[in-house]
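Novice: One structure is given below, represented as structure tokens, and several questions about it will come after.
Just so you know, all these numbers are worked out from the coordinates, no wet-lab data involved. Note that the coordinates shown come from a computational prediction; the quantities given were computed from them, not determined experimentally. All Cβ positions, even for glycine, are placed from backbone atoms using ideal geometry, and neighbour counts span all protein chains on display.
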Amino acid sequence: MFLDKLQHINAFILDVDGVLTNGLLHVTESGEHLRQFNIKDGYALQLAVKRGFYVAAISGGISKGVELRLKGLGIQDIFLGVQFKIKVYQQLLEKNNLSPKQILYMGDDIPDLPIMKVVGLPVCPADAAEEVKAIAQYVSPKNGGNACVRDVIEKVLKVQNKWYDEEKSEDFTLNSF
């Protein structure tokens, strides 16, 4: 059942804090919030974009660093400071002519629940809130910020035979990830 759903996925929409990061904030003396990303997630995200998958991020947080990181990975649709994520999700469906069954959404906390209830494949990291785990169709064994995004992207790309091809050297020529 789960593997069958992976065949239909052509879009990844992700939360940021607690999914692409471990959810911890380092606060500098000037008040700047610093987040930590996992390089393995970066590789998988770039590869997904390169393989033609639509990738977007929707976050309640606001950070120029997050925006620069995601743009550097080739993600074009980045929505930060979003209070009601479901509205942005609905706009993305319409703008990109996507159906919910084509979308894998990874979230980790209460603000992600409205999207997770309507998306084709709701997934979460191992350390997600219990309410999120209860509706997720897959719980990654990895915590947020510790390659949980790589885990799900790799599964989708492998099922679709798009993960790795020894004949294609471009698999190794991605930008800095």
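Novice: What's the local net charge at Leu121, with K and R +1, D and E -1, over the other residues with C-beta under 13 Å away?
Specialist: +3
Novice: Enumerate the amide H contacts of Thr21 below 5 Å, restricted to partners 5 or more residues apart or on another chain; note that Pro and chain-start residues carry no placed amide H.
Specialist: Distant-sequence amide H within range of Thr21: Gly145.
Novice: Residue by residue through region 131-136, which ³J(HN,Hα) values in whole Hz follow from phi under the Karplus form 6.51 cos²θ - 1.76 cosθ + 1.60 (θ = phi - 60°), with glycine and proline marked x?
Specialist: 5, 6, 4, 5, 10, 5
Novice: Something else: Could you check what % of the DSSP bridge pairs in the chain are antiparallel, to the nearest 5?
Specialist: In the chain, DSSP labels about 15 percent of beta bridges as antiparallel.
Novice: Once the other residues with Cβ under 15 Å from the Cβ of Leu93 are scored (Lys, Arg +1; Asp, Glu -1), what is the net sum?
Specialist: In short, +3.
Novice: To continue, here is another question. Using R₀ = 30 Å, calculate the FRET efficiency as 1/(1 + (r/R₀)^6) where r is the Cβ-Cβ separation of Asn96 and Thr28; round to 0.05.
Specialist: Calculated value: 0.25.
Novice: Return Met106, Met116, Met1 ranked ascending by Cβ neighbour count within 10 Å, so the fewest neighbours appear first.
Specialist: In increasing order of surrounding Cβ atoms, one gets Met1, Met116, Met106.
Novice: Once R0 is set to 25 Å, what does the formula 1/(1 + (r/R0)^6) return for the Cβ-Cβ distance between Gln76 and Lys117, expressed as a FRET efficiency to the nearest 0.05?
Specialist: 0.45
Novice: Taking every pair of Cα atoms in the chain, average 1/r, invert it to obtain the Kirkwood radius, and report Rg/Rh to two decimals.
Specialist: 0.95
Novice: Pairs of Cα atoms under 8 Å, at least six residues apart: use those to get the relative contact order of region 2-172, whole percent.
Specialist: Normalised by residue count, the contact order of region 2-172 is 28 percent.
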